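Since every read-out is calculated from the coordinates, none of them should be taken as a lab result. What you see is a predicted model, and the numbers here were worked out from it, not measured in a lab. In this analysis, Cβ positions are derived from the backbone assuming ideal geometry, glycine residues included, and neighbour counts consider all displayed protein chains.
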Amino acid sequence: MEILINNKQNKLTLSDDLISNIKKAILTCLEIEKYSTNVEVSLSFVDNDEIQQINKDFRNIDTPTDVLSFPLDIDFFIENINIPLGDIIISTEKAKEQSLDFGHSLEREIIYLVVHSMFHLLGYDHIEDKDAVIMRGKEKEAIRKIGIFRNEK
């Protein structure tokens with residue numbers, strides 16, 4: 001597994017512990033889906049201004065958001081080659097706001113956003129209520145396995 005991290009913001013220092021927990025979160029999602037670990041995930045950390053611009057450009061929504069996921073639709077597998085799953089873009093500013101709103105740690109919020117996005121990259125969505133129930137169940141399972149709970153500060 002390869003995680004390509006692009007830190008394009010200066011609001012949050014990406015500690016070794018955070019990076020380690022991000023890797024654990026990605027592996028946990030792959031494990032839940034019984035998906036190969038021969039994957040590549042691109043993970044970018046940006047500020048609110050940049051994610052707002054990306055949101056406007058790709059979704060025609062001119063407001064900052066917490067996370068954007070861009071899955072790649074690749075239908076082939078080559079042994080010993082990491083297959084790109086897609087891109088995850090997280091606003092560290094929005095993640096911090098949400099961690100304060102929800103009363104848990106910034107690390108927990110970022111891990112949740114990674115988990116949420118991984119399930120998008122793996123083909124899940126939450127537009128329809130029935131799909132949202134399935135995706136939320138997967139997210140809860142992953143968070144339990146990772147061991148980062150909502151009220152930890």
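Between Lys145 and Thr65, how many nm apart are label points set 7 Å from Cα along the C-beta direction?
Once both label points are built, they end up 2.5 nm from each other.
Ile83's amide H: which non-local residues (gap 5+, or another chain) put their own amide H closer than 5 Å, with H modeled 1.01 Å from N in plane and none for Pro or chain starts?
Amide H neighbours of Ile83: Val39, Glu40.
Only Cα pairs under 8 Å and at least 6 apart count here; give the relative contact order of the range 1-82 as a rounded whole percent.
So the answer I get is 36 percent.
Considering only Ile32, Ile127, Ile19, give the residue with the highest GNM mean-square fluctuation for the chain, with springs between Cα atoms whenever their separation is below 10 Å.
Of the options given, Ile127 has the highest mean-square fluctuation.
Counting each pair of different Cα atoms once, what's the Kirkwood radius of the chain in Å, rounded to one decimal?
15.8
Could you give each residue of the range 96-106 its phi-based ³J(HN,Hα) in whole Hz, using Karplus coefficients 6.51, -1.76, 1.60 with θ = phi - 60°, and x for Gly or Pro?
5, 4, 5, 4, 5, 4, 8, x, 9, 6, 4
What distance in nm separates the two pseudo spin-label positions at Asn38 and Asn82, each 7 Å out from Cα along the beta-carbon direction?
Result: 1.4 nm between the two label points.
Grab the DSSP H runs of the chain that are 4 residues or longer, score each as -39,500 (n - 2.57), total them, divide by all residues and round the 222 nm result to the nearest 500 deg cm²/dmol.
So the calculated ellipticity at 222 nm is -16000 deg cm²/dmol.
Assign one of three labels to the range 1-91, namely rounded, prolate or oblate, based on the Cα gyration tensor with a ≥ b ≥ c the square roots of its eigenvalues; rounded applies when a/c is under 1.5, prolate when it is not and a/b is larger than b/c, and oblate otherwise.
Oblate.
As a quick test, which of the pairs Lys24/Lys56; Lys11/Lys138; Lys94/Lys130; Lys24/Lys145; Lys96/Lys138 have an alpha carbon distance above 20 angstrom in this structure?
Lys24/Lys56; Lys11/Lys138; Lys94/Lys130; Lys96/Lys138
So for the chain, averaging the separation of alpha carbon pairs under 8 Å that are six or more residues apart and normalising by length, what relative contact order in percent results?
Value for the chain: 25 percent.
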